[in-house]
Amino acid sequence: MKGNNNPNVTYSKDDIFGVLKTINLLVVSLNSIAMESVDNPKINLANEILTFLQENNMLDRLSSIREVLSEAFDTTLGDDDMDELERAMEDIEYWSAPND
């Protein structure tokens with residue numbers, strides 16, 4: 001989408017249902033894994049989370065969500081050579097290794 005200065009964005013219900021299903025899968029499952037790890041010392045929390053993420057293709061699914069949500073935003077580059085989303089995401093502090 002180019003040149004849209006409207007402060008509102010619109011999505012189809014089907015798109016939002018898909019987004020919410022993936023978010024619910026992630027949130028409920030991570031909570032279940034965490035709670036099980038509290039009750040069961042044999043559960044390796046990091047391993048269970050990694051296995052869940054891999055077996056459910058969560059990175060691909062989250063990437064698809066990002067794509068769906070991003071489609072509604074203006075991609076016109078401003079004077080700063082960034083589009084609307086790049087500017088909005090500029091201050092995110094991404095994970096880095098503890099020694100970085």
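When Ile23, Ile43 are compared by accessible surface with a 1.4 Å probe, the order from highest to lowest is Ile23, Ile43. Backbone geometry of region 35-42 corresponds, through the Karplus equation with coefficients 6.51, -1.76 and 1.60 at θ = phi - 60°, to 3J(HN,Hα) couplings of 5, 5, 5, 5, 7, 10, x, 6 Hz, x marking Gly and Pro. Using θ = phi - 60° in the Karplus curve 6.51 cos²θ - 1.76 cosθ + 1.60, the 3J(HN,Hα) couplings for region 9-14 round to 10, 10, 10, 6, 4, 4 Hz; x is entered for Gly and Pro. Each helix, a run of at least 4 DSSP H residues, gives -39500 (n - 2.57); summed and divided by the residues of the chain, these come to -18500 deg cm²/dmol at 222 nm. Computed from backbone phi, the HN-Hα couplings of region 16-31 come to 5, 4, x, 4, 5, 4, 5, 4, 4, 4, 5, 5, 5, 5, 4, 5 Hz, rounded to whole numbers (Karplus: 6.51 cos²θ - 1.76 cosθ + 1.60, θ = phi - 60°; Gly and Pro given as x).
The values are calculated or read from the model by the stated rules, or taken from the named source; none is laboratory data. Model, not experiment: these values are computed from the prediction. Remember, those area values only see protein heavy atoms, side chains included, never the ligands or the DNA or RNA. Shrake-Rupley method; radii C 1.70, N 1.55, O 1.52, S 1.80 Å.
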